[in-house]
1. Can you run down the residue pairs with Cβ atoms below 8 Å, 6 or more apart or on separate chains, where the first is in the stretch B:138-150 and farther than 14 Å from B:I165 by Cα and within 13 Å of chain A (Cβ to nearest Cβ) and the partner is in a loop (DSSP other than H, G, I, E, B) and aliphatic (A, V, I, L, M)?
2. Under 7 Å between Cβ atoms, which residue pairs at least 6 apart in sequence (or on different chains) link something in the stretch A:164-185 that is closer than 16 Å to A:H205 by Cβ and within 14 Å of another protein chain (Cβ to nearest Cβ) with a partner that is β-branched (V, I, T) and not in a helix (DSSP H, G or I)?
3. Just to be sure I understand, how many residues within the stretch A:138-155 are farther than 23 Å from A:S179 by Cα, within 16 Å of DNA strand C (Cβ to nearest atom) and not charged (D, E, K, R)?
4. Of all residues in the stretch A:1-26, which are among the acidic types (D, E) and closer than 15 Å to A:V76 by Cα?
5. Find the strands (runs of 3 or more DSSP E) located wholly in the stretch B:115-232 whose residues include 1 or more that are at pLDDT 85 or above and β-branched (V, I, T), and list them.
6. Mind listing whichever residues of the stretch A:198-232 are more than 27 Å from the chain's Cα centre (by Cα), near DNA strand D (Cβ under 6 Å from one of its atoms) and away from chain B (no Cβ under 14 Å)?
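The values are calculated or read from the model by the stated rules, or taken from the named source; none is laboratory data. Fair warning: this is a prediction, and the values are worked out from it, not measured in the lab. Cβ sites come from the backbone with ideal geometry, for glycine too, and all protein chains shown count toward neighbours.
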There are 2 protein chains.
Amino acid sequence: MSINILVVDDEQSIADLIEVYLRNEGFTIYKFYNGQDASRCVESEQLELAILDVMLPDIDGFTLCQKIREKHKFPVIMLTAKEEEIDKITGLTLGADDYITKPFRPLELVARVKAQLRRFTKYNSPEPKQEERLIAFSGLVLDMDTHECTLNEKKLSLTPTEFSILWVLCSNRGRVVSSEELFQEVWGDKYFTNSNNTVMVHIRHLREKMHDSAEHPKYIKTIWGVGYKIEK
Amino acid sequence: MSINILVVDDEQSIADLIEVYLRNEGFTIYKFYNGQDASRCVESEQLELAILDVMLPDIDGFTLCQKIREKHKFPVIMLTAKEEEIDKITGLTLGADDYITKPFRPLELVARVKAQLRRFTKYNSPEPKQEERLIAFSGLVLDMDTHECTLNEKKLSLTPTEFSILWVLCSNRGRVVSSEELFQEVWGDKYFTNSNNTVMVHIRHLREKMHDSAEHPKYIKTIWGVGYKIEK
DNA sequence: AGCCCATCTTAATAAAACCTTAAGGTTTTA
DNA sequence: TAAAACCTTAAGGTTTTATTAAGATGGGCT
């Protein structure tokens, strides 16, 4: 399924901003302007991460954070205005995993969210690798650990090969990847007999599952004579 | 190999303070009390990071920041007084990487500087500079990675051969390239059969896509008896 | 083991996109 | 004015990619 993130901030503009940016990365957002509603959401939904403002009209962020910690292990990121610096230590020791002061760059927030998700999923898998294990951008989410893929919050069931190909394309998003390169990356084979046809067939299947087409590609584009490409 | 940091603040005491602390960490500091001098420094020196005050007597920090972003990727940290908070978002979206309000604790500044440098070098270290993969000059942009070509912000869709020819012409811009040379570079063939006609046809197509003409060439000029040339 | 199922590969064919050729026209040079 | 160099055009050939379906593989299950 998709990756669910809770966002709580009484400043609507900020909550909305966060929502836009994270949704753009393909995450599913549960957004609330107060602690009560958020608290209810924590119990009803299966969450992967929470972003909490410290200052809330009803319940404050710390309390909410503690409440989450009683039952869940997913990462919590706290938001705070600069002036509240004093409380930093308190917040962190109360179980928050990261801490962002306002104002923040949206992209930095996105980066931190991904970092936490990475860290969290890594926690549950014994693989001690440093490389990226989660790719999320423009509605696409690829999770190396669970081998799951989500497109616009809808799960795609991909075969291993399909997943690998999409992974390679996505981790090189914005640049053309040739069939040869794809073949090497996915099959690890240098001596590929003339049958990069295989790659093509898998691309075809991928496009099908993504409701994409070769003529009017929304995701996987063909660059004639060069290779395939996914836009940033 | 020292790490060069630009510091700009019209309040001399602050600039000096920053200098002391950062120098103490082993950084090399380029310190200025106005935007003009700083601007000049950006062009002449190889910088790793910049700390800019928002309020400067001549050029303001945001403008300077933008100017840096046009040509450089190193991190920029903005300094501002509390009262100027309103502009925060503006400043952040204009490309700054971090934001510190005055008054600040020097050690926090040092920490942030290090954080930015870490982030920056981390992003840049895995990909060491290779050969040119992007050519951009006078309205023309050729990107080898995306295989895209843009002319005056309008995308041209070129075939592989056309792209190659234009690439060769552009990477030799300012100098005449003969058909033979073009043929060798693009086709990699030494024994090119009697007619460079093929090259000519491709040039023709290129000119067409560039809305160029042989009679009044804006881009690809014919140097009679020698070859083709693109102006710098 | 033997069968089923999902997946992968191969192969054959179709459809694009692209490249080359050649023929005739135009401009430049001597 | 003729020869040489260049330009234009379009048809036919080639290469690359897409599609499809059938055969191969291999793991899981009875």
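1. Every condition considered, the pairs that remain are B:D145/A:V176; B:T146/A:V176.
2. Here the result reads A:L169/A:V177; A:L169/A:I220; A:L169/A:I230, each pair linking the stretch A:164-185 to a residue that is β-branched (V, I, T) and not in a helix (DSSP H, G or I).
3. 1
4. If the condition is that a residue be among the acidic types (D, E) and closer than 15 Å to A:V76 by Cα, then A:D9 is the only one that fits.
5. Counting at least 1 such residues, we get B:134-137, B:140-143, B:148-151, B:220-223, B:227-230.
6. Matches in the stretch A:198-232: A:M200, A:V201.
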